[in-house]
Amino acid sequence: MIATAPREVVLRVNGVEHRGFAEPRVTLVDFLRDELGLTGTHVGCEHGVCGACTILLDGRTVRSCLMLAVQAEGHELRTVEGLAPAGEPLHPIQEAFSEKHGLQCGFCTPGFLMSVEELLRDDPDPSEETIRSRLSGNICRCTGYQNIVEAVRYAAELTREAAA
């Protein structure tokens with residue numbers, strides 16, 4: 001018989017250690033949302049296709065619907081809540097998406113924001129082609145993508161200014 005009894009899971013999310021209990025089969029996105037109350041990461045397709053559940057694991061984007069919570073132990077996780085903690089100003093990426101209307105319903109936005117954070121860390125001045133390529137794993141049904149591309153360009157500008 002396969003062991004399915006809940007076990008303690010200790011995760012470091014957005015710089016804070018969190019503890020909870022999960023059966024070995026619980027996905028990371030479900031653990032983040034249901035056990036830790038971090039509901040900014042959205043559950044979309046549950047097949048890793050739409051990108052709504054995208055988070056950073058050790059600085060790299062992953063689909064949290066395709067990982068088990070127990071697999072994330074010992075890794076540094078960053079969710080959309082870690083971009084601008086409550087009470088702090090918006091992160092430049094969030095500011096850019098707001099200013100350039102890079103979101104409409106907002107369902108896909110957390111996944112886009114996390115993907116953009118990785119993109120801008122890897123390439124602080126990406127071309128439109130690079131932006132479109134790097135975000136091709138995130139699906140938006142509302143915006144038509146043009147405003148998202150403009151938001152990423154603006155976020156790159158804001159990020160470079162903040163670093164200067």
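The GluC sites (Glu not before Pro) found in the range 16-100 that occupy coil by DSSP, while having at most 14 further C-beta atoms within 10 Å, are E73. Taking trypsin sites (Lys or Arg not before Pro) across the range 21-65, the ones in a DSSP loop with at most 13 further Cβ atoms lying within 10 angstrom of their Cβ are R25. Across the range 96-113, rounded Karplus estimates of 3J(HN,Hα) from the backbone phi angles (6.51 cos²θ - 1.76 cosθ + 1.60, θ = phi - 60°) give 5, 5, 5, 5, 9, 6, x, 8, 10, 6, x, 5, 7, 4, x, x, 4, 4 Hz, Gly and Pro being marked x.
With contacts taken as Cα pairs under 8 Å and at least 6 residues apart, the chain reaches a relative contact order of 22 percent. Over every Cα atom in the chain, the radius of gyration and the widest Cα-Cα span, Dmax, amount to 16.1, 58 Å. Under 5 Å from the amide H of H18 lie the amide H atoms of L11, R12, V13, each residue being 5 or more positions distant or on a separate chain, with H modelled from the backbone and absent for Pro and chain starts.
The smallest convex shape that holds all Cα atoms of the range 92-163, its convex hull, gives 71 Å³ per residue.
Every read-out reported here was derived from the displayed coordinates using simple, explicitly stated rules and does not represent laboratory data. Just so it is clear, the structure is predicted and the values come from calculations on it, not from any experiment. Note that each Cβ is placed from the backbone with ideal geometry, even for glycine, and that neighbours are counted across all protein chains shown.
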